[in-house]
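Here the structure comes first, spelled out in structure tokens, and everything after it is commentary.
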Amino acid sequence: VMLTFDSDYEPFFQPPGWIIGPIWLVLYTCMAVSISATLRKREELDNYWLILSLFIIQLALNLFWPSIFNSERYLLSLIMLVFMIVFTIIYAYLIYKTIPSASMLLWPYIAWITFAAMINVAYYLEAN
């Protein structure tokens, strides 16, 4: 897994590297609290296994995304981000009625990965 990224190109709207770690700390904490609440309320949720599957798949994509992006496979990394966004939105929607706070905890994550997709598009366009 590649954890560093070295490129001469950087979009003007890309945040500084030092802020990325703290942002992900907050986002992963929110994700952990959200899935924990979902697991606790599983008996009250319709489509529990679908909800759990959506979360696990998007999390797996999230964990593999940096190595794909850092290896400059920008189209594949963008496709991964689109699936992450869609699966997380569906997850948040499906739990909202039963556990609104757990859903809302994922909204900043959805915003962040959408922003990451915009950065990803910039790198893809620059490379092509």
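The values are calculated or read from the model by the stated rules, or taken from the named source; none is laboratory data. Worth saying up front: this structure is predicted, and the values here are computed from it rather than measured. Don't worry about glycine lacking a Cβ; one is built from the backbone with ideal geometry, like all the others, and counts go over all protein chains shown. SASA here: full protein model, heavy atoms, side chains in, ligands and nucleic acids out. Shrake-Rupley method; radii C 1.70, N 1.55, O 1.52, S 1.80 Å.
Which value results when the Cα radius of gyration for the chain is divided by 2.2 N^0.38 Å?
1.12
Charges at C-beta only: +1 for Lys and Arg, -1 for Asp and Glu. How large is the resulting dipole of region 1-99 about its Cα centre, in Debye rounded to 20? Display every interim value, and only then the final one.
Numbers: 5 positive and 7 negative charges, 85 e Å.
Roughly 400 debye, rounded to the nearest 20.
In the full protein assembly as shown, how much of MET118 is accessible to a 1.4 Å probe, in Å² to the nearest 10?
My reading of the accessible area for MET118 is about 100 Å².
With all protein chains present, how much of the accessible area of the chain (probe radius 1.4 Å) comes from carbon and sulfur, to the nearest whole percent?
Carbon plus sulfur share of accessible area: 69 percent.
Using alpha-carbon positions, what is the distance between the centroids of region 109-128 and region 14-52, in Å?
Computed from Cα coordinates, the inter-centre distance equals 21 Å.
Of PHE83, PHE115, PHE55, which has the most accessible area with a 1.4 Å probe, and how do the rest follow in descending order?
Heavy-atom accessible area, descending, gives PHE83, PHE115, PHE55.
Where Rh denotes the Kirkwood radius from the mean inverse Cα pair distance, what is Rg over Rh for region 40-107?
Values: Rg = 13.6 Å, Rh = 12.7 Å.
Ratio value, two decimals: 1.07.
Of ALA92, ALA117, ALA32, which has the largest mean-square fluctuation in a 10 Å C-alpha GNM of the chain?
Comparing ALA92, ALA117, ALA32 in a Gaussian network model of the chain, the most mobile one is ALA32.
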